[in-house]
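The block underneath contains the structure these notes are about, expressed in structure tokens.
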Amino acid sequence: MAKYDAIFIGAGNSNLTCALRLVKSGKKVLILEKNNVPGGVATSFIRGRFEFDASLQELMEVGTEENPGVLYKLFQDLKIADQIRFFHVPTCYHIYVKNTDQEYVFPFGIRNFIDKMEEYVPKSRESVETFFHLALECRNALKYIEKKQANIRYEVLLNDYPQFIKIANSSVEEVLNAIEMPKKAQEILTAFWMYFASPIHTLSFVHFASVFYEYIATEIVIPKKRSHEISLTLAEEILKNGGRIQYLSPVQSILMENGQAIGVQLENEEKFYGNIIVSGVAPSLVYSQMIPKEYVPQKALQLINSRILGGRGFSIYLGLNQNANEIGLADYQYIIMDSLDSKREYENMNQITHSNIRVTVLNNANPSCSPKGTCILQFTSFFSGDGFDKIVTEENYFQLKEQIAKRMIESFENATDILIMPYIEEIEIATPVTFARYGNYLDGSIFGYKVTGLDNILPRLFNEANEIYIEHLQFSGSYGPNACGYAATYLAGDQLANRILSLEEGGKEHE
């Protein structure tokens, strides 16, 4: 029976990237995907005359051919960069605070952002400049840690990133208070907390600041043919280089022998064997449903039981029969908040009545994404805890999701004074149930495990090797140490391939 060097459960971003790196290194790989297309939620779907992206709203760390970011360099190295066409997102974001006159519009670019914040909050310039200096150091320190992995030299961290060492265990709130940023400036700047679905008093400053710096400082892009363009390109390159992808093949269990993972069994009882099993499915599901209890170490159960699930996704996809500019949709991204108090709003996100939403107008970055005279909007929100689960039933599911969607659309209209309801031609709604069913996200938690408190990105990166509780079984995707986000999962897949190859080379770092 044929044996693979690596078997991947799921064809999500991280697994596709890891598999491509391995096949280009001469390894024999197999990807088993339960759906009929690659990418997981990095895909698109068609309703009527509109094509919607299931989850991508912007892609960071890409840059341009002339000034490439780390993700563009990865795509170049994998020989796929010239196969994907990107559009640049023209504007940063537009914040509205409901039932107030607070409204904030920010441009891209560090200097532009600082100047605009000074307009909104006089005498905030020095503290915001300090924030970006710290953010840049955190970003560079994280890149060093991710690159070196097991070969991290702590004297390098101490000498080259001294401020990073001082604030490594601090929350966003603690650091912003320490640099004496005015309260109003703190609230405006940290409206970005929604991207992490964690409030600033528990959210790691290192994680938040490094991502925020990347978002403001570098050019943000979207692929012309949605995120599915990247997924398909990765999949085709895997096949071209001798890899195998088998669709409509849900994995039922992981085969074990002498305490080690040796293969997988599909729901149709077909079996495959491999040296490494890489799971894009959440550890909680793997340990509880896919491996016999006697093979699951107690430490593994303790870890997953100590972790908290991140935000449960809720998205509304709208195709409007009007041009975006004609109805007043001038910006690419809108953030609607009930208030700028992240602790209060995070607690409110446990209730289905909250109205904290992000809205993107795809046509304002990609004018040709929909037929002439139309536009595409995507609403994204999150629920924390089990607020959604407590209320939804099989009987009320469809009525409930339509009620939530209607309230969120009305919330946007009331905050912005822009009518969109009369122009809706197509609408699709994805709830936590949708994401759980289609992408195997535990309880619809598209953010994976919550990256917060002592379980933030740094301890995960440093402790990654110690979290391999079953030999020859690895986890990827948003449940890995790099947490959620498109760029994070692509890069995490490549880092995982690096680790797998270095193990085969006796620990020598693979470049």
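Please treat every number below as a calculation from the coordinates, not as lab data. For clarity, every value in this text was computed on a predicted model and none was experimentally measured. Cβ atoms come from the backbone with ideal geometry, glycine included; neighbour counts cover every protein chain shown.
Below are the figures for this structure:
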| quantity | calculated |
| --- | --- |
| Segment ALA330-LYS293, extension gain: residue separation times 0.36 nm, minus the distance between their alpha carbons | 7.8 nm |
| Estimated inter-spin distance, GLU236 and LYS183, nm [label 7 Å along Cα→Cβ] | 5.6 nm |
| Using a Förster distance of 25 Å, the FRET efficiency for LEU454-TYR144 (Cβ separation, nearest 0.05) | 0.70 |
| Point-to-point label distance, ASN67-GLU155, nm (Cα→Cβ direction, 7 Å offset) | 3.6 nm |
| Kirkwood Rh in Å, taken over the chain so that all alpha-carbon pairs contribute | 23.6 Å |
| Amide N of the stretch 388-423 lying under 12 Å from the label point, which is placed 7 angstrom from the Cα of ASN321 along Cα→Cβ | 422-423 |
| Packing-based exposure ordering (other Cβ within 10 Å, fewest first) of LYS240, LYS406 | LYS240, LYS406 |
| Ranking of SER279, SER124 by count of other Cβ atoms within 10 Å, fewest first | SER124, SER279 |
| Footprinting exposure proxy for PHE388, PHE208 (fewest neighbouring C-beta atoms within 10 Å first) | PHE388, PHE208 |
| Cross-link table LYS24/LYS79; LYS299/LYS390; LYS73/LYS143, entries beyond 18 Å C-alpha to C-alpha | LYS299/LYS390 |
| Length-normalised contact order for the chain - Cα pairs under 8 Å, 6+ apart - percent | 24 percent |
| For the stretch 380-392, Karplus couplings with θ = phi - 60° (6.51, -1.76, 1.60), whole Hz, Gly/Pro x | 10, 9, 9, 10, 9, x, 10, x, 5, 4, 5, 9, 6 |
| Gap separating the Cα centres of the stretch 198-277 and the stretch 93-108, nearest whole Å | 35 Å |
| In the stretch 324-412, the GluC sites (Glu not before Pro) that fall in loop regions by DSSP, at most 14 other Cβ within 10 Å | GLU394, GLU395 |
| Angstrom value of the Kirkwood radius, inverse mean 1/r, which spans all Cα pairs in the stretch 109-218 | 14.3 Å |
| Computed over the stretch 109-218: relative contact order in percent, which uses C-alpha pairs under 8 Å that are six or more apart | 40 percent |
| Theoretical ellipticity at 222 nm over the chain - DSSP helices of four or more residues, -39500 (n - 2.57) apiece, nearest 500 | -11000 deg cm²/dmol |
| Gain on full stretching of the segment that runs from VAL105 to GLU129 - 0.36 nm per residue minus C-alpha separation | 6.8 nm |
| Kirkwood Rh in Å, taken over all unlike Cα pairs in the stretch 214-373 | 20.9 Å |
| Inter-part distance where the stretch 383-414 and the stretch 333-365 are each reduced to a Cα centre, Å | 14 Å |
| The chain - charge dipole about Cα centre, Lys and Arg +1 at Cβ, Asp and Glu -1, debye rounded to 20 | 820 debye |
| Cα lying deepest toward the dipole's positive end in the chain, options SER249, SER171, GLY39, charges on Cβ | SER249 |
| Under 5 Å, built H, 5+ apart or other chain: amide partners of SER171 | PHE205 |
| Table column - 3J(HN,Hα) (Hz), the stretch 367-374, Karplus curve with 6.51, -1.76, 1.60, x for Gly and Pro | x, 9, 6, 9, x, 4, x, 10 |
